[in-house]
1. Got a number for residues in the range 44-73 being part of a loop (DSSP other than H, G, I, E, B), touching a residue at least 40 places away in the same chain (Cβ under 8 Å) and either buried (at least 16 other Cβ atoms within 10 Å of the Cβ) or among the charged types (D, E, K, R) (or both)?
2. Among the candidates Tyr95, Tyr103, Tyr59, single out the residue that is within 15 Å of Ser7 (Cα to Cα) and of a type in the set (Ser, Thr, Tyr).
3. Counting only residues that are more than 11 Å from Tyr80 (Cα to Cα), under 17 Å from the mean Cα position of the chain (by Cα) and surrounded by 14 or more Cβ atoms within 10 Å (Cβ to Cβ), how many does the range 6-18 have?
4. Among the residues of the range 82-111, write down those that are part of a strand (DSSP E or B) and either at pLDDT 95 or above or buried (at least 18 other Cβ atoms within 10 Å of the Cβ) (or both).
5. Would you confirm whether any residue within the range 67-81 is aromatic (Phe, Trp, Tyr) and at pLDDT 95 or above?
6. Please go through the range 62-109 and pick out each residue that is under 14 Å from the mean Cα position of the chain (by Cα), closer than 18 Å to Ala40 by Cβ and among the aliphatic types (A, V, I, L, M).
7. Out of everything in the range 19-43 that is surrounded by fewer than 21 Cβ atoms within 10 Å (Cβ to Cβ) and of a type in the set (A, V, I, L, M, F, W, C), what residue ends up being nearest to Gln82 (Cα to Cα)?
8. In the range 43-52, is there at least one residue being farther than 19 Å from Leu11 by Cβ and modelled with pLDDT under 95?
Amino acid sequence: QVQLVESGGGLVQAGGSLRLSCAASGRTFSSNAMGWFRQAPGKEREFVAAISGSSTSTYYADSVKGRFTISRNNAKNTVYLQMNSLKPEDTAVYYCAADRGPYGGDPRSFGSWGQGTQVTVSS
């Protein structure tokens, strides 16, 4: 079971930027697609972005397309989420997740989760 630790959350004004990081344990990091999800108060957890194990493919929710960028460094067992042009509606706890396979195209296939990091965007 891979263990995931997120960092980089915080408070930022609307229009600002944050970069989230997720460090993963395990020797097979590159075999798993990685993703980011978020959960706002009173709402269900939603998919944000995913990246395949080889970084060949990336996927984004429509709400963040063009503003967020997911990337990974397999040598460092780390996945990142660069968030630009942040909006108050981006406020949520952001979770890193590992896919059971290498592709990342199905949000339902993510099975390992970090503890989450809070992102708050003020207006």
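The values are calculated or read from the model by the stated rules, or taken from the named source; none is laboratory data. All values derive from a computational prediction rather than experimental measurement. Cβ atoms come from the backbone with ideal geometry, glycine included; neighbour counts cover every protein chain shown.
1. Going through the range 44-73 one residue at a time, the tally reaches 3.
2. Tyr95
3. Counting residues in the range 6-18 that are more than 11 Å from Tyr80 (Cα to Cα), under 17 Å from the mean Cα position of the chain (by Cα) and surrounded by 14 or more Cβ atoms within 10 Å (Cβ to Cβ) gives 1.
4. Scanning the range 82-111 gives Gln82, Met83, Ala92, Val93, Tyr94, Tyr95, Cys96, Ala97, Ala98, Asp99, Phe110.
5. Yes, the conditions are met somewhere in the range 67-81.
6. Val64, Leu81, Met83, Ala92, Val93, Ala97
7. Ala23
8. No, every residue in the range 43-52 fails to be farther than 19 Å from Leu11 by Cβ and modelled with pLDDT under 95.
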